[in-house]
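Undergrad: Mind looking over this structure? Questions follow.
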């Protein structure tokens with residue numbers, strides 16, 4: 001049985017909810033007070049005692065962040081590396097791949113812009129090929145087509161985004177992972193939009209690598225991200241860059257990689273943000289990820305139904321499974337105009353543009369969409385209020 005979340009309690013612990021309706025959680029969620037307090041306490045300690053000294057004194061608190069992240073996704077702490085953000089975590093693995101002419105990368109139509117740019121750059125650099133596996137009729141990655149593509153022994157990587165930036169689709173990541181595993185091809189999963197929103201277990205997902213961020217649904221500080229690398233896949237990838245944090249200089253001409261996922265870390269970190277991230281993860285774990293997922297998906301469904309009932313509003317979410325992110329357009333208004341109007345009423349949303357999703361939005365005749373992303377601390381009355389505001393724009 002899923003425990004119910006005490007909504008009033010979490011709103012009391014989230015100061016930002018007192019002044020606005022925040023539906024931009026897929027961009028940057030409102031942090032709970034414990035995250036702010038933990039981060040500021042660490043900064044004050046640095047100011048009073050010195051950065052290196054506090055790092056040494058609070059090593060256990062810092063280490064606990066990786067332990068909590070591992071618990072969040074069903075990993076071992078040795079399989080977790082910390083990063084400045086999810087993109088850099090992803091880059092540390094992808095840019096370390098040994099590609100050769102003719103090698104193929106399989107990805108999805110809903111792939112995120114930063115990842116797509118990286119594929120194209122490396123394909124151009126090494127003569128590799130990027131293959132976009134088309135969607136099935138529901139709008140998620142077509143598993144039958146993927147299975148067929150995986151018969152080609154030139155395929156060196158399957159890499160997809162779990163939840164895209166431009167809509168509520170949940171790609172069938174576990175099924176993708178199963179197909180990649182059966183074909184003996186590494187699977188890189190961008191979970192930037194799903195971690196903290198959906199209950200994730202890397203064993204079920206069968207991914208070799210998973211990347212995530214702190215600032216979105218985990219409600220942590222900006223400038224935090226993490227990387228999971230399966231222990232058995234640790235040597236499949238080589239870190240894109242190395243420094244004194246990822247390797248040891250053992251002799252004038254030799255070095256040794258750290259034996260675990262910390263080979264993907266860099267030495268310098270914002271430790272105040274790291275412990276703030278740890279507080280955010282612990283907060284989510286205390287509430288329970290199953291309860292969070294159930295609440296977020298229910299609010300996303302409510303928002304989708306509310307918008308569908310408004311004349312002149314089109315909802316554009318795809319897939320068999322959908323999350324708390326809702327993409328829509330309003331007839332006669334640009335996405336930016338809708339966002340601006342809602343901002344004027346104290347409602348935060350964002351705009352997803354074709355420049356972040358060239359393989360998806362343009363193929364559907366969309367230049368951009370309004371993106372509203374609910375979290376568990378949002379309320380049903382807020383959803384109804386936003387629906388009324390959008391109806392009034394017509």
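Read-outs: derived from the displayed coordinates by stated rules, not from any lab. Remember, predicted model here, so these are calculated numbers, not experimental data. Here the Cβ positions follow ideal geometry from the backbone for every residue, glycine too, while neighbour counts run over all protein chains shown.
Undergrad: Looking at the calculated P(r) for the range 70-214, what percent of the C-alpha pair distances fall above 17 Å?
TA: So the portion of pairs separated by more than 17 Å is 58 percent.
Undergrad: Ranking 119, 112 by Cβ neighbours within 10 Å, fewest first, what do you get? Display every interim value, and only then the final one.
TA: Working: 119 20, 112 25.
Going from least to most buried by this count: 119, 112.
Undergrad: Can you give the log10 of the normalised intensity I(q)/I(0) at q = 0.23, 0.24, 0.25 Å⁻¹, computed with Debye over equal Cα scatterers of the range 294-394?
TA: Scattering profile of the range 294-394, log10 relative to I(0): -1.34, -1.44, -1.52.
Undergrad: Quick one: which of 342-348, 182-188 comes out on top by average Cβ neighbours within 10 Å, and what's the full order, highest first? Show your work: numbers first, answer last.
TA: Numbers: 342-348: 15.1, 182-188: 18.0.
Highest to lowest by the protection proxy: 182-188, 342-348.
Undergrad: Report P(r) for the chain: all Cα-Cα distances, bin width 10 Å, range 0 to the bin holding the largest distance, values in whole percent.
TA: Per 10 Å bin, starting at zero, the Cα-Cα P(r) for the chain comes out as 5, 23, 31, 25, 13, 3, 0, 0 percent.
Undergrad: Between residue 334 and residue 394, what is the label-point separation in nm under the 7 Å Cα-to-beta-carbon projection?
TA: Between residue 394 and residue 334, the simple spin-label model gives 2.3 nm.
Undergrad: Something else about it: Which order do the peptides 70-78, 274-282 come out in when sorted by mean C-beta neighbours inside 10 angstrom, highest first? Before the final figure, lay out each step's value.
TA: On the way: 70-78: 18.7, 274-282: 26.2.
For the peptides 70-78, 274-282, the packing ranking is 274-282, 70-78.
Undergrad: Along each of its three principal axes, how wide is the spread of alpha-carbon positions in the range 1-76, in whole angstrom units, largest first?
TA: Projected onto the principal axes, the Cα atoms of the range 1-76 cover 40, 34, 23 Å.
Undergrad: Right, another one. Place the peptides 384-390, 221-227, 45-51, 90-96 in order of packing, highest mean first, counting for every residue the other Cβ atoms within 10 Å and averaging per peptide.
TA: Values: 384-390: 17.6, 221-227: 24.3, 45-51: 13.1, 90-96: 22.6.
Ranked by mean Cβ neighbours within 10 Å, highest first: 221-227, 90-96, 384-390, 45-51.
Undergrad: Using 0.36 nm per residue of separation minus the Cα-Cα distance, give me the extension gain between residue 345 and residue 358 in nm, one decimal.
TA: Working: separation 13, 0.36 × 13 = 4.68 nm, distance 3.12 nm.
1.6 nm is the gain from fully extending residue 345 to residue 358.
Undergrad: So for the pair residue 175, residue 267, with labels modelled 7 Å out along Cα→Cβ, what separation do we get in nm?
TA: 4.8 nm
Undergrad: For a label point 7 Å from the Cα of residue 367 along Cα→C-beta, name the residues of the range 304-324 whose backbone N is under 19 Å from it.
TA: 313-316
Undergrad: Now for a separate question. Residue 314 label point, 7 Å along Cα→Cβ, cut-off 19 Å on backbone N: hits in the range 360-391?
TA: Once the point is set 7 Å along Cα→Cβ of residue 314, 360-372, 390-391 turn out to lie under 19 Å by backbone N, inside the range 360-391.
Undergrad: Starting from the Cα of residue 231, step 7 Å toward the Cβ, then list every residue of the range 252-295 with an amide N under 14 Å from that point.
TA: Zone members listed by number: 259-262.
Undergrad: Got a sec? How would 207, 108 order by Cβ neighbour count within 10 Å, fewest to most?
TA: Values: 207 31, 108 27.
Lowest to highest Cβ neighbour count: 108, 207.
Undergrad: Roughly speaking, what is the stretch gain from residue 19 to residue 321, that is 0.36 nm per residue apart minus the C-alpha to C-alpha distance, in nm to one decimal? Don't skip to the answer; put the middle values down first.
TA: Working: separation 302, 0.36 × 302 = 108.72 nm, distance 3.20 nm.
Taking residue 19 through residue 321 to full extension adds about 105.5 nm, to one decimal.
Undergrad: Stretch residue 37-residue 114 to full length: gain in nm at 0.36 nm per residue minus the Cα-Cα span? Walk me through the intermediate numbers first.
TA: On the way: separation 77, 0.36 × 77 = 27.72 nm, distance 3.21 nm.
Answer, rounded to one decimal: 24.5 nm.
Undergrad: Separate question: Separation between the residue 144 and residue 48 pseudo-spin-labels, each 7 Å from Cα along Cα→Cβ, expressed in nm?
TA: 6.5 nm
Undergrad: Mind checking which of 160, 62, 80 has the largest fluctuation in a GNM of the chain, springs on alpha carbons under 10 Å?
TA: Sorting by GNM fluctuation, first place goes to 62.
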